[in-house]
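Here is the structure we will look at, set down as structure tokens.
The values are calculated or read from the model by the stated rules, or taken from the named source; none is laboratory data. Note that the structure is a prediction, hence the values are computed from the model and not measured. Ideal geometry is used to build each Cβ from the backbone, glycine not excepted, and the neighbour counts take in all protein chains shown.
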Amino acid sequence: MKLPSEGKSRLVDVLAGPSRERLTISLLRRVVKASTDSSADSVYVVGGGSQVAQICQQMGVNWIDSNSGNLNLDVSIGMTEISQIGNGTVYLPGDLPFVTPGDIDAVIKYSENGHFAILVSSESDGGTNCALFPYQTDLIPLLGPDSYRKHCEYAKNRGILFETVRPTGLLIDLDTPEDLQKCEEIEKGFLKNVGII
């Protein structure tokens with residue numbers, strides 16, 4: 001997570017700073033709630049500063065203090081911590097407005113409970129909206145532009161077993177004004193529901 005005050009910068013032309021911050025926090029809460037209601041053993045949030053740490057405490061999930069400015073390094077730090085208890089990691093970005101516990105459970109099920117990697121692409125921009133990294137996998141986080149293709153190529157080139165799946169609630173992330181419009185079309189009153197208006 002970025003600091004909430006720095007989140008959703010691509011919405012600067014349609015939402016003022018405080019609204020973008022509220023949106024960032026609301027989306028995080030949706031993702032954490034879906035995660036805690038899923039079959040995942042535990043939930044960790046990486047980074048985001050003291051405000052996110054407080055949200056994690058309120059919601060009963062683990063928080064890892066990492067704000068290197070490098071998303072892949074931050075996710076790797078989280079994966080290292082999780083692997084110490086012998087578990088694989090399901091990576092989710094904090095901006096999935098419609099993720100459900102069932103979506104997360106589907107990813108875990110498709111992986112045969114963490115035996116091979118799962119990748120879910122963003123519907124809009126070629127990013128990775130979910131990745132299941134099995135315990136002691138050679139697959140590494142390659143998040144950023146065109147990350148879905150990079151993850152797939154990395155896995156293929158190294159003989160890492162993986163599947164691609166498309167659970168509905170994992171396909172849409174909210175980054176752009178177009179994404180925001182789509183959210184309003186899917187969920188009537190979306191901005192009101194996330195505390196913006």
Checklist entry - If the Cβ limit is 8 Å and pairs must be 6+ apart or interchain, which residue in segment 171-184 that is under 15 Å from Cys130 (Cα atoms) pairs with which residue that is crowded, with 17+ Cβ neighbours inside 10 Å and basic (Lys, Arg)? => result Ile172/Lys182; Leu174/Lys8
Next on the checklist: With the structure loaded, tell me whether Ile104 is of a type in the set (Val, Ile, Thr), buried (at least 21 other Cβ atoms within 10 Å of the Cβ) and in contact (Cβ under 8 Å) with a residue 12 or more places away in the chain or whether it fails that test.
Outcome noted: yes
Checklist outcome for this item: For segment 45-73, pairs from a residue that is more than 15 Å from Thr24 (Cβ to Cβ) to a residue that is surrounded by 13 or more Cβ atoms within 10 Å (Cβ to Cβ) and of a type in the set (Phe, Trp, Tyr), with Cβ under 9 Å and 6 or more apart or across chains, are Gln57/Trp63; Val61/Tyr44; Asn62/Tyr44; Trp63/Tyr44; Ile64/Tyr44
Item to check | Candidates Pro141, Pro167 - the one that is at pLDDT 95 or above, buried (at least 17 other Cβ atoms within 10 Å of the Cβ) and farther than 30 Å from Val14 by Cα | outcome: Pro141
Checklist entry - What single numbered condition from (1) within 25 Å of Asp175 (Cα to Cα); (2) in a helix (DSSP H, G or I) fails to hold for Gly69? => result (2)
Checklist entry - Arg10: more than 18 Å from Pro141 (Cβ to Cβ), in a helix (DSSP H, G or I) and in contact (Cβ under 8 Å) with a residue 40 or more places away in the chain, yes or no? => result yes
Checklist outcome for this item: In segment 115-168, anything of a type in the set (Val, Ile, Thr) and in contact (Cβ under 8 Å) with a residue 60 or more places away in the chain is listed as Ile140, Thr168
Item to check | Filtered residues of segment 27-50 (kept if more than 25 Å from Ile108 (Cβ to Cβ) and surrounded by 15 or more Cβ atoms within 10 Å (Cβ to Cβ)) | outcome: Gly49
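Of all the helices (runs of 4 or more DSSP H) wholly in segment 84-197, which have at least 1 residues that are over 23 Å from Arg30 (Cα atoms)?
Once the helices (runs of 4 or more DSSP H) in segment 84-197 are filtered for at least 1 residues that are over 23 Å from Arg30 (Cα atoms), what remains is 147-157.
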Checklist entry - Pick from Ser124, Ser111: which is farther than 20 Å from Lys156 by Cβ and either in contact with a His (Cβ under 8 Å, 6 or more places away or on another chain) or among the hydroxyl-bearing types (Ser, Thr, Tyr) (or both)? => result Ser124
Next on the checklist: Looking only at segment 141-170, count every residue that is in contact with a helix residue (DSSP H, G or I) (Cβ under 9 Å, 6 or more places away or on another chain) and of a type outside the set (Ser, Thr, Tyr) and tell me the total.
Outcome noted: 12
Item to check | Selection from segment 1-39 of residues that are modelled with pLDDT of 95 or more, of a type in the set (A, V, I, L, M, F, W, C) and either under 30 Å from Asn113 (Cα atoms) or touching a strand residue (DSSP E or B) at 6+ places or on another chain (Cβ under 6 Å) (or both) | outcome: Ile25, Leu27, Leu28, Val31, Val32, Ala34
